[in-house]
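Below you'll find the structure, written out as structure tokens, and then a few comments.
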């Protein structure tokens, strides 16, 4: 569908060559809303002077939050659980160490987490991994019972007056692959169909050794590419050197995009992303087959607060949840209060053929919708009620189900 494996692996080289070329005047933020730096910026909306002074005097900043997600389904599959809940504690930070007098700064970024379930099935397993909804998808994919994990520990370096950025180390590929403003599972949609990849990208674990490069070609066009360890595990980071250098199984991606605003590249944005993941990893259903695909995303502010978007993905292989996925939706920023946001989206998906055969799905087509409202209460609390309707869950005994959810975030 997208060409040979060698074609994918050549993209990072294209980006490295491009670094030697074009320069533009504005510093660019290539990270998604879920990166450490952007999360800390959101935390600073309350103007906590101690954090600002720490960053000003020592170029060091950090954040701490605890998140809880609870889900309840009206019609689980026969014999399945109708409730799931889990929590995540995260400590994250950034420390600029070189180039402090310019925009070409370099420094360390880190994030450590502990993910735990409160119920027999955590939210991540609730859809179909454990008996639950019978829905081929994931709701609250970050809320597992994995335990302690290393998500980020990388060096970030900017060049070319901030127009080129390189990160290398333990990284989360969803921080730079197919991002948009509402992709974060911590503050945006809870269903993976409305997040990174629209369910049609076979991502590795979100804490693996890798390198990624972003570069502005001119005032609006950019490219982002990366290569990461496809067999790495965030709960066993010390094993990453063995899997990366001995197994040679990679996840690679390349994105070409256009943005109207270099300050926040993931809002007014149109991009195309191609990806490839080697076979014989823990993510492959058959353990042998390579997988690849292509994704499209477009979002823009029709008004200063109203952002419609459309996202689509097509994949081949046995890693992604969906062979085909189409999402349309909207975000409304500043609804009722400056820091409150609303999101609504619908998704049409066709379940991965390998998954459908493995789970005995008679009909591969699913319809999903989600409505959420993220509201900030005081300086340190966010609450996000959400409601989802799932029609024709692929392996359920029921024709449809409603899922009510409540997410709480407590942050410093």
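The values are calculated or read from the model by the stated rules, or taken from the named source; none is laboratory data. As the structure is a computational prediction, the values presented were derived from the model and not from experiment. In this analysis, Cβ positions are derived from the backbone assuming ideal geometry, glycine residues included, and neighbour counts consider all displayed protein chains.
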message: Return the residues of the range 170-229 that are touching a strand residue (DSSP E or B) at 6+ places or on another chain (Cβ under 6 Å), assigned to a loop (DSSP other than H, G, I, E, B) and farther than 26 Å from residue 406 by Cβ; say none if nothing qualifies.
response: 176, 177, 178, 200, 201, 202, 204, 207, 220
- line: Taking the range 362-394 and keeping residues surrounded by fewer than 22 Cβ atoms within 10 Å (Cβ to Cβ) and more than 18 Å from residue 188 (Cα to Cα) leaves 362, 363, 364, 365, 367, 378, 379, 391, 392
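Can you give me the number of residues within the range 345-361 that are surrounded by fewer than 23 Cβ atoms within 10 Å (Cβ to Cβ) and in a strand (DSSP E or B)? Don't jump to the end; show me each part of the working.
Of the residues in the range 345-361, the ones surrounded by fewer than 23 Cβ atoms within 10 Å (Cβ to Cβ) are 346, 348, 350, 353-361.
Next, only the ones that are in a strand (DSSP E or B) stay: 346, 348, 350.
Matching residues across the range 345-361 total 3.
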- request: Could you tell me whether any residue of the range 386-393 is within 21 Å of the chain's Cα centre (by Cα) and in contact (Cβ under 8 Å) with a residue 40 or more places away in the chain?
  value: yes
message: Can you tell me how many residues within the range 275-302 are at pLDDT 95 or above and surrounded by fewer than 21 Cβ atoms within 10 Å (Cβ to Cβ)?
response: 3
query: Does the range 135-150 hold any residues that are part of a loop (DSSP other than H, G, I, E, B), in contact (Cβ under 8 Å) with a residue 60 or more places away in the chain and in contact with a strand residue (DSSP E or B) (Cβ under 6 Å, 6 or more places away or on another chain), and which are they?
result: 135, 136, 140, 143, 146
message: Kindly evaluate residue 176 against the criterion of being crowded, with 21+ Cβ neighbours inside 10 Å, in contact (Cβ under 8 Å) with a residue 60 or more places away in the chain and touching a helix residue (DSSP H, G or I) at 6+ places or on another chain (Cβ under 9 Å).
response: no
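On the basis of being assigned to a loop (DSSP other than H, G, I, E, B), touching a strand residue (DSSP E or B) at 6+ places or on another chain (Cβ under 9 Å), under 26 Å from residue 181 (Cα atoms) and touching a residue at least 24 places away in the same chain (Cβ under 8 Å), does residue 319 make the cut? Talk me through it step by step, then tell me what you get.
Working: assigned to a loop (DSSP other than H, G, I, E, B): yes; touching a strand residue (DSSP E or B) at 6+ places or on another chain (Cβ under 9 Å): yes; under 26 Å from residue 181 (Cα atoms): yes; touching a residue at least 24 places away in the same chain (Cβ under 8 Å): yes.
Yes: the conditions hold for residue 319.
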message: Name the residue that is farthest from residue 127 (Cα to Cα), counting only residues in the range 105-115 that are touching a helix residue (DSSP H, G or I) at 6+ places or on another chain (Cβ under 9 Å) and at pLDDT 95 or above.
response: 109
- prompt: Which members of the range 205-223 meet the condition of being under 18 Å from residue 279 (Cα atoms), modelled with pLDDT of 95 or more and crowded, with 24+ Cβ neighbours inside 10 Å?
  reply: 208, 210
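Rundown of residues vs (1) more than 27 Å from residue 270 (Cβ to Cβ); (2) touching a residue at least 24 places away in the same chain (Cβ under 8 Å); (3) in contact with a helix residue (DSSP H, G or I) (Cβ under 8 Å, 6 or more places away or on another chain), yes/no style:
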position	(1), (2), (3)
314	no, yes, no
347	no, yes, yes
352	no, yes, no
355	yes, yes, no
374	no, yes, no
381	yes, yes, no
- request: Inspect all residues belonging to the range 66-75 and state whether any of them is surrounded by fewer than 19 Cβ atoms within 10 Å (Cβ to Cβ) and modelled with pLDDT under 95.
  value: no
field: Subset of the range 142-172 [more than 19 Å from residue 226 (Cα to Cα) and surrounded by 23 or more Cβ atoms within 10 Å (Cβ to Cβ)]
entry: 142, 143
